[in-house]
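In what follows, a single structure is set out as structure tokens and then discussed.
Read the figures in this text as sums done on the coordinates, not as results from a lab. All values reported here derive from a predicted model rather than from experimental measurement. As a convention, Cβ positions derive from the backbone with ideal geometry for all residues, glycine included, and neighbour counts pool all protein chains shown.
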Amino acid sequence: HLDRAVHARLMPAQPVNIPVPPVLRGAKKHDVTICGAGFAGSVLARQFAEVSGKRVLLVDKRNHIGGNAYDCLDEAGILIHRYGPHIFHTNSDEVFSWLGRFTEWRPYEHRVLARVGDKSVPMPINRTTLNALYGLDMQTEAEAEAFLARKAQPVRDIRTSRDVVVNAIGAELYETFFQGYTRKQWGLDPSQLDKSVTARVPTRTNTDDRYFTDRHQAMPKEGYTRMFERMLDHPGIDIALGTDFHDLDAADRGRQLVYTGPIDAYFGHRFGTLPYRSLRFRHETLDEARFQPVGVVNFPAEDVPYTRITEYKYLTGQTHARTSISYEYPSAEGDPYYPIPCPENQALFRRYDALAAAEPDVIFAGRLGSYRYYNMDQVVGQALAIHRRLTARQPAAGVLA
Ligand code: FAD
Ligand code: UDP
């Protein structure tokens, strides 16, 4: 059960604009200034403060910590993820145990169903999916493998998100599960996106219906925000919310900067804007204890405007007489959530990356700063590695002295 008192204060009834604290005013008090209190910025804040003994100023233009992983109680007292479902999974023992210093874990294996016509079938596609869709009764992996081999349409040079799926399972299953969803999610046809995007979702010949197969699959027991609160609770860390990094006076910035916002914004978009995909969330609370049979239901059909519905109680384990869900409507406008992996965008990113390389006192990190479609654990791993590299390079002097 969640502690209402803890979460009540995490959920301002109205967005609040927390004023820049006086500590910022030309104080030159901080060694390191970090833009963005998501995973990238918060992990680095903790490492700089705790391991390197630095005085850190962490700023975020939002009125809360946690970045896109932020969770809070809604008006019904149900813990929701304001920026869409965040399910933690990793194969990294280091990342899992590092975060474990700031939270207990609740084991959670995520399951997803895809709505196809009037059927709801497991996604990723597995033997159950194939049997349900084609009215078959395949009992073995060998049968399912042979079935998929007959469906597959080999592509010689696999480059795009269409190639990788059609090559593995053929055009029919590709169109049913991937084409519409991807067009909605990214505003692009899968043939315009790098193969890495749809390659995130495997196809299985067994009946494993878990979305992930990582060694560690668990949710922070009291939520992500509580985990971030503990991570940032260190005497060396000052936090300024409702504060845009770009509004800080030069004198307010430490010598070392960490930037986890969009890399093109740091450089004033001088080569043009780097595309990021956004989402609009429709959050609802229903007068029933359960809405759908699993945490997430995907809607691959192109004529349904949203991509998926999440029911948060599956993710959080909360018991409540009512239930809260969210619909995701992909959008070109809004907060930047996803870098869009394709060759043109990568080429533009490389131009910004070259500018970044010329600024050794600025570290660019995280999903937006690195323009990489990272999961949470990868962002944590990247942040730990960055700090480790800096420490190894300058053990006693310079930036980390
Ligand atoms: P962010 O969390 O985006 O944090 C960046 C912060 O910088 C933001 O808080 C922003 O306000 C702040 N900022 C930007 N510019 C400025 C500025 N100028 N001044 C001050 N502050 C600024 N990952 C998983 O592992 N599992 C999942 O299930 C999963 N689901 C996801 C679902 C959705 C809908 C989305 C969008 C992402 C999902 N992710 C998931 C990915 C996960 O959100 C990211 O990997 C992770 O949160 C990125 O952390 P970050 O610190 O790089 O960026
Ligand atoms: N995808 C799809 N159909 C699905 C699920 C995923 O076409 O039912 C594609 C889509 O392009 C999506 C990508 O695979 O963006 C990666 O899916 P994932 O679930 O990893 O996306 P995320 O949770 O990061 O939004």
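Charge dipole of the stretch 112-198 (Cα centre as origin; +1 on each Lys and Arg Cβ, -1 on each Asp and Glu Cβ, all else neutral): 240 debye, rounded to the nearest 20.
Each of Pro343, Val95, Pro122 was scored by the projection of its Cα onto the charge dipole of the chain, and the greatest displacement toward the positive side belongs to Val95; charges sit on the C-beta of Lys, Arg, Asp and Glu. With contacts taken as Cα pairs under 8 Å at a separation of at least 6 residues, the stretch 112-198 carries a relative contact order of 21 percent.
The residues packed around Leu274, meaning those with a beta-carbon under 13 Å from its beta-carbon, carry a net charge of +3 if Lys and Arg are +1 and Asp and Glu are -1.
The angle between the Cα long axis of helix 39-50 and the main principal axis of the chain comes to about 40°, on a 0 to 90 degree scale.
Quick one: of the DSSP bridges fully inside the chain, what percent are antiparallel, nearest 5? Given both bridge residues lie in the chain, the antiparallel proportion sits at roughly 65 percent. Sorting Cys35, Cys342, Cys72 by the number of Cβ atoms found within 10 Å of their own Cβ, with the fewest placed first, yields Cys342, Cys72, Cys35. Going toward the positive end of the dipole of the chain, with +1 on Lys and Arg Cβ and -1 on Asp and Glu Cβ, which of Ile78, Ala142, Ala354 do you reach last? It is Ala354. Computed from Cα positions, the angle between helix 141-151 and the longest principal axis of the chain comes to roughly 90 degrees. Across the stretch 308-322, rounded Karplus estimates of 3J(HN,Hα) from the backbone phi angles (6.51 cos²θ - 1.76 cosθ + 1.60, θ = phi - 60°) give 7, 10, 10, 10, 5, 4, 5, 6, 9, x, 5, 9, 7, 5, 10 Hz, Gly and Pro being marked x. Each of Phe267, Phe39 was scored by other Cβ atoms within 10 Å of its Cβ. Listed from fewest to most, they are Phe267, Phe39. Counting only alpha carbon atoms, the long axis of helix 376-393 and the longest principal axis of the chain meet at about 40°. Taken about its Cα centre, the chain carries a charge dipole of about 760 debye when Lys and Arg each add +1 at the Cβ and Asp and Glu each add -1 at the Cβ.
Full extension of the chain segment joining Leu355 with His234 gains 40.3 nm, where the gain is 0.36 nm per residue of separation less the Cα-Cα distance. Distance between the 7 Å Cα→Cβ label points at Asp335 and Glu284: 2.2 nm. Straightening the chain between Arg101 and Ala199 buys 32.1 nm, computed as 0.36 nm per residue apart minus the Cα-Cα spacing. Note on Glu172 and Gln292: their simple-model spin labels are 2.6 nm apart, each label 7 Å out from Cα toward Cβ.
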